[in-house]
Amino acid sequence: MSSILSAKGINKIYKSGSRELAVLKDIDFEVQAGQSLSIIGPSGSGKTTLLGLCAGLDSPTSGEIILCGESISSMSENDKASLRNRKVGFIFQNFQLIPTLTALENVMIPLELLGQASARKVSTDLLGRVGLGDRMGHYPSQLSGGEQQRVSIARAFSNTPQVLFADEPTGNLDEETGESIESLLFQLNQAEDTTLVIVTHDLILAGKTDRMIRLKGGKLIEDSYNKTEQQ
Amino acid sequence: MGQFAFLAKTALRDSRKNRGKLFMFMSSIVLGIMALVAINSFNYNLVKDIDNQTKSVLGADIMVEGKKPLPAHLKVVVDSVPGQRASQMEFFSMALIDTKDSAEQETQFTRVQAVEGNFPFYGNLVTDPKDAKERYQEEGGALVDDGLMLEHALSVGDSIQLGRQRFPITGRLMNSFGSVSLGASFAPSIYIDQSRVKATELVQTGSMVEYKYFIKTPEGFDREEWDNSAVRMKPFHAEDFRVTTIEDQKRNLNRAFSFLNSFLNIIALVALLLGCIGVASSVFIYIKSKISSIAVFRCLGMKGSQAFTVYFLQIFILGFIGVLIGTALGSALQLVLPALLKDFLPYEVSLSISWRAIMEGLSIGTIVTSLFALVPLLAVRLISPLRTLRASFEDDVAPRDPLKWVAYAAIVAALYLFLWTLTDNVRTSMYFTVGLVIAFCLLYLTSTGIMWLVRKYFPTNGNFVLRQGLSNLYRPNNQTRILIISLGLGTAILTMLFTIRGLILSNVDSMDAGSQPNMVLYSIETEQKDEVAALTREMEMPVVQEVPIVTMKLAGWKGKSKAEWMQDSTRTAERWVMHREARVTYRDTLASDETLIAGDFTGAVSPGDSVLISVDKGWAESLDVWLGDELVWNVQGALITTYISSIREIEFRSMRTRFFVLFPNGVLEAAPQFHVLVTKTPNNEVMAKYRRAVVKAFPNISVVDLGSILTTLTDILTKISYIIKFMAGFSILTGLIVLISSLLLSKYQRIRESVLLRTIGAQGSQILKINATEYAILGGISAFAGIFISTLAGYFITTVELELEFAINWWAVVIIFFFVVGLTVLIGLWNSREVLQRSPLEVLRREVG
């Protein structure tokens, strides 16, 4: 298996006036294509910051991130946007659907950005697969939390991403809905052969991924594989 | 192309649930453009009509006019022009009118036009009966103004007396012809044949008569070339004759209306600017509410420029729709304006669509809307996708985005260019632009200062509500800067309009007819003056002023003759002061309406001494002379050398005869002169009796009833002030809409906080008080800063530009202050009502979700 995401010597320092706050310190890891990885750790340990850096939403203070074979640390904002559009999907804790667009239109955005003529058809299929075939014309405010997250998952898979980043995907949902979302996520992950990177507090969810890294105080303190994964 | 279609589609989709928010944005543009198009349409139609009607106003192709009959050497030049000719003597005189029910005669101040030849060549005298205009000269009759005939119940066939001559009335004159001066409104016209003037004995030495010679040139004759020949025109100027061609007349008329034009343009522009402030503030607040959506778009791979395009298209399309609606409404409103202004204008203003005004409205509107929206829109490019993960992430809008400064520069440049296009005045445009930039900077600094002060001296103890309200001023998502700038600029422009409008109107009011002398007697000969004064006192009326007048011309100054100065290209003196016939008086004291501002006044000179005169400050500045300078006068052929020993300032609001040049006693007593007497009649009955007595005993004397002139003047000024109020009303309305829309839009800033407070148990009254505190402080600071800026600008405009006395109307200031604060608090509380009436979740879903 080839490496699809690689973080080398990542440091992230935030400045607040004259004070400096090191959020991530010397992080190194690599993720193979098709692997699922969870990032766990207490609040404030730097999980979300690491996810943002890996997905090219932010730049590290030092170090290098290679995503899908391209070094994104030195990429321009436009190039990073283009890479995200072609090869990356996102799922957020608070769903992050555009409130003014319908469920279908939300799912269509990445494909329309790619200029795909089949955007409507692909998105309709995907919404059907996540069980929202009859809610396509609804706005986010007319959907429940679980339904919104399903739309978000459909959107994340619409551009058949190579890597999917998920930030606490079940954090805002009840146990039952959370479980159905988890299974949907893994089901699509396997069907599409997508690499999955999840930030979570939920150790049960983390246990379902192939690999787990633990952060504490901005440092990577544990990198372990679950039983089924070959070391 | 495919990408653009997607972006356009996204723009349309995204706007769906925001159209309510964007309505306020559009309303600002609609009002601003409506005012601009309506006013400009009216202006362009006015100019077009002036152009079309000039021929019939002048009545001929060329007119030569002066205050004496054309000398022989000039007549030769005039006669060399091919074509038909006619002439006219024009003077003011009292007419005696027989009354139907008493033996006494009534009197009326009139403008006598004594015509020789078939004048006018263009345009028509409208008479009743129609053929009266062809008969009155031959029959020795008169055409009499219809209004005058109605007032005195005269009929065709009755007679009217001018001086010693009685004229049968051949016809009613139904139109005022050939004059756009206000003088035409004061004195009704009477047309007679010029050969009858002598018999009236009204024209004597010192009489003020205007001699006009008209030529209708054949087609192909180059009037401009004839008029522009300096060699040919020089002798006319030397004899104080003025030559006017149709082309000159067009220019003069356009200039005469340029003030009205500029005023209307400025008002339109103010309305547009207020609209622009509305655009900028509403787009700013709108974009803030869209930040999370933009972050998601960016996260999904949309480039900064693409996100910018999505929102730019939204704003541009809505703005353009606003501009279209504004243009349509403005064109429709234009139908109202001519009806409103028709009494004031000497022309029928046509009701045609002005394509130029429409194109200007569309282009200016689209450009300024886009530019003003650009500054807040540029920030869209820099919104980080990281916001999807961290809602509080603040570091995404680069403070030094160079494009933002380019946008600011483009706004300033565009403002200047539009102002220049509209006012055609480089200086006014520059003052206005610089003033706006300074006002913007002052408000920006004020808002920054307030945030810094509140943060630094924040009360750590004390009332929770007060602390919450105060902290809203500087916390993230605060609206301090945007509201202080938009409310402050809006208040400043509104207050300035009120101040200047008030100052112009109060200057009009100060010409109070009631307390002023109301009757002036002109052309009194020296031997008549004691008798006239006696007659006045006999009727128990005061002689407010009795002055001798000697007419003279300036022959030279500062050591050079007038002819030498005329050749001098470095001359700084203004033309009017060099060529105008001076009406000079002499006395040994200053009058009560005169103030000495430099030098010493000399009341009398002995024979052989230098003649020391006193001149008006404005007159001296126009001639570029000052204390000690030598002036040489031509007094009926005799040259008198004088020196300026004092400079006076004359109170121009009093109704007395004013003299730019004042001689001491002992110089002009023997010169040919006539006298003027000013008096005040207690009522109309005495006035009529006095007028009759004077005209009967001294037919050469003209009695001018200032009372009726003042009434006419007040009428005209009332109309002008009505126009000012109406037009300013446009801007005021736009300003209010802008203030209201800025405030209404600000609700999206506070709604989350209010809902959260409500959720954790805050009482409705506490939320109201917190919001009231924030809005009251914002309203108070904005109103104060706006009033301060408008006071500075108002002082500058009134004293430097309008040359009026500046005074602060404290009542207006206090009212505006409390109005703005009240409006701000009221709308702030109105914004909170939903939070109080509905469940927190419902509010979040409706307004945010």
Each label sits 7 Å from Cα toward the beta-carbon; between B:ASN118 and B:ASP588 the label points are separated, in nm, by 6.2 nm
Net charge (Lys, Arg +1; Asp, Glu -1) of residues whose beta-carbon lies under 11 Å from that of B:ASN118, B:ASN118 excluded, is +1
Take the Cα radius of gyration of segment B:543-679 and divide it by 2.2 N^0.38 Å, with N its residue count; two decimals is plenty.
-> 1.01
One finds the C-alpha centres of segment B:560-639 and segment B:408-437 to be spaced, in Å, by 40 Å
By the mean-Cβ-within-10 Å protection proxy, highest first, A:191-198, A:42-49, B:147-154 rank as A:191-198, A:42-49, B:147-154
Report the extension gain between B:ARG251 and B:ALA199 in nm, rounded to one decimal, defined as 0.36 nm multiplied by the number of residues separating them, less their alpha carbon distance.
-> 14.9 nm
Determine, from the Cβ-Cβ distance of A:ASN11 and A:SER141 and an R0 of 56 Å, the FRET efficiency 1/(1 + (r/R0)^6), rounded to the nearest 0.05.
-> 0.90
Ranked highest first by average number of other Cβ atoms within 10 Å, how do B:453-461, B:74-82 line up?
-> B:74-82, B:453-461
For segment B:789-799, in order, what is each residue's ³J(HN,Hα) by Karplus, 6.51 cos²θ - 1.76 cosθ + 1.60 with θ = phi - 60°, in whole Hz (x at glycine and Pro)?
-> 5, 5, 5, 4, 5, x, 4, 5, 5, 6, 7
Rounded, prolate or oblate: which fits segment B:58-255, taking a ≥ b ≥ c as square roots of the Cα gyration tensor eigenvalues, rounded meaning a/c under 1.5, else prolate when a/b beats b/c?
-> prolate
Applying 1/(1 + (r/R0)^6) with R0 = 45 Å to the Cβ-Cβ distance of B:CYS441 and A:ALA22, what FRET efficiency is obtained, to the nearest 0.05?
-> 0.70
Using a basic spin-label model with each label point 7 Å from the Cα along Cα→Cβ, how many nm lie between B:THR595 and B:ASP629?
-> 2.2 nm
A chain fully extended from A:GLU192 to A:ASP125 at 0.36 nm per residue, minus the present Cα-Cα distance, gains in nm 22.7 nm
FRET efficiency for B:LYS17 and B:ARG356, Cβ-Cβ distance as r, R0 = 45 Å, nearest 0.05?
-> 0.70
Any idea what the alpha-carbon Rg over 2.2 N^0.38 Å comes to for chain A?
-> 1.00
For the residue pair B:GLU540 and B:ILE321, what label-to-label distance in nm results when each label sits 7 Å from Cα along the Cα-to-beta-carbon direction?
-> 7.6 nm
Anisotropy class of segment A:121-169 from Cα gyration tensor, a/c 1.5 cut = oblate
Counting Lys and Arg as +1 and Asp and Glu as -1, what is the net charge of the other residues whose Cβ lies under 12 Å from the Cβ of A:GLY9?
-> 0
Work out, step by step, the length gained on full extension between B:MET233 and B:THR799: first 0.36 nm times the residue separation, then minus their alpha carbon distance; give nm to one decimal.
-> 199.9 nm
Determine the shielding of peptide A:77-84 by partner chains: average, over its residues, the number of Cβ atoms on other chains within 10 angstrom of each Cβ.
-> 5
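Bear in mind these aren't lab numbers, they're just calculated from the coordinates by the rules spelled out. Remember, predicted model here, so these are calculated numbers, not experimental data. Methodologically, a virtual Cβ is constructed for each residue, glycine included, from the backbone with ideal geometry; neighbour enumeration extends over all protein chains shown.
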